[in-house]
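Below is one structure, written out as structure tokens, with a few remarks after it.
What follows is calculated from the coordinates using simple rules that are stated; it is not laboratory data. Please read these numbers as outputs of a predicted model, since none were measured by experiment. No Cβ is skipped: glycine too gets one built from the backbone with ideal geometry, and neighbour counts run over all protein chains shown.
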Amino acid sequence: MLRHAFALGVMLVTAADAADDDMVQLPAATFTMGRDDGPADERPAHRVTLQAFAIDRRPVTNAEFAAFLATAGTRNKAGQHLFDWDDEDARIHRRQGRWQADPGYEQHPAIEMTWYGARDYCAALGKRLPSEAEREYAARGSDGRAYPWGVDAPSRKRAQYSVGYGKTRPVGSFPDGATPEGVLDLAGNVHEWTTSIALPYPYRADDGREDVDKVADRVTRGGAADTGPDTLRATWRGASVSRRATAGHHNIGFRCAR
């Protein structure tokens, strides 16, 4: 497992970090993004070419995000809000002068961070958020899978969905839902932030949707504990949930890419 620490807002890298064994390397590829038989925002199906990239094997946990807050605080130097600490759904609180994950939720996926909080966390580790194209490719693969695990319908062995508000499970709880490449939790439990602004297809990285300085709704991917099986599809773009970047949300987490 990666061993990293936050200190004075700078990542301290150990020799173990160099192996990136908590990331999965995906090769350059051209794949079909979207579909023609789904919701309007998933149309049209179109070809997208990606450079090789790496993506975290699992989402960021409350314990990991708490460690980030302990050095970064809840606002960055630009004054951007990073975490909704005062929301009743938050699972990280300040105790004894330090941000800590609530007992029992340490290994659950982090929630209630704003898009800026997710972005800054990744940047502090020398990473970034994945684009929605990268996130879809990680889940769908070059073979065009309907779900991260393949074409079979969702089941309770593969993902956490349709179980109610805030009922998350610890990350990595569903190995049967992993992709063939070994990426976990790409469907269910919590939606995940991407870099991409929520604009219509076709996806083009150079049309302004990857502008990290613009205030705009950002695409989320993956489905959550309180959404249905239709949101677990690799092509789903999160249109039915709030994606306001300046706020945290009870069912949105994130993972990083590089």
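Relative contact order, whole percent, for the chain stands at 24, derived from Cα pairs under 8 Å and 6 or more residues apart. Around the Cα centre of region 73-150, unit charges on the Cβ atoms of Lys, Arg, Asp and Glu (plus for the first two, minus for the last two) sum to a dipole of about 420 debye. Between the residues ILE92, LEU82, ALA67, the greatest Cα displacement towards the positive end of the dipole of region 66-105, with unit charges on the Cβ of Lys, Arg, Asp and Glu, is found for ALA67. Along region 112-122 the Karplus relation, 6.51 cos²θ - 1.76 cosθ + 1.60 evaluated at θ = phi - 60°, assigns HN-Hα couplings of 6, 7, 6, 4, 5, x, 5, 4, 5, 4, 4 Hz to successive residues, with x for each Gly and Pro.
The count of lysine pairs in the chain that are at least 8 places apart or cross chains, and whose C-alpha atoms lie under 22 Å apart, stands at 4. Taking 0.36 nm per residue of separation and subtracting the Cα-Cα distance, what length does fully extending ALA216 through ALA70 add? Gain on extension, ALA216 to ALA70, equals 49.8 nm. Residues of region 193-235 falling in the label zone of ARG47, defined by backbone nitrogen less than 15 Å from a point 7 Å along Cα to beta-carbon, are 203. For the chain, the spread of Cα coordinates along the three principal axes comes to 53, 38, 36 Å, biggest extent given first. Between PHE31 and ARG258, the contour length at 0.36 nm per residue exceeds the alpha carbon distance by 79.8 nm. Loop-resident trypsin sites (Lys or Arg not before Pro) (DSSP state other than H, G, I, E or B) in region 150-194 with no more than 15 further Cβ atoms inside 10 Å of their Cβ: ARG156, LYS157, LYS167. Taken over region 105-156, the percentage of Cα pairs per 5 Å bin, counting from 0 up to the bin with the maximum distance, is 5, 16, 15, 17, 18, 16, 11, 1.
Run lengths n ≥ 4 of DSSP H only: what is the helix-derived mean residue ellipticity at 222 nm for the chain, with -39500 (n - 2.57) per run over all residues, to the nearest 500? Result for the chain, helices only: -3500 deg cm²/dmol.
As an equivalent ellipsoid, region 160-258 spans semi-axes of 23, 16, 12 angstrom, where each value is the square root of five times an eigenvalue of the C-alpha gyration tensor, largest first.
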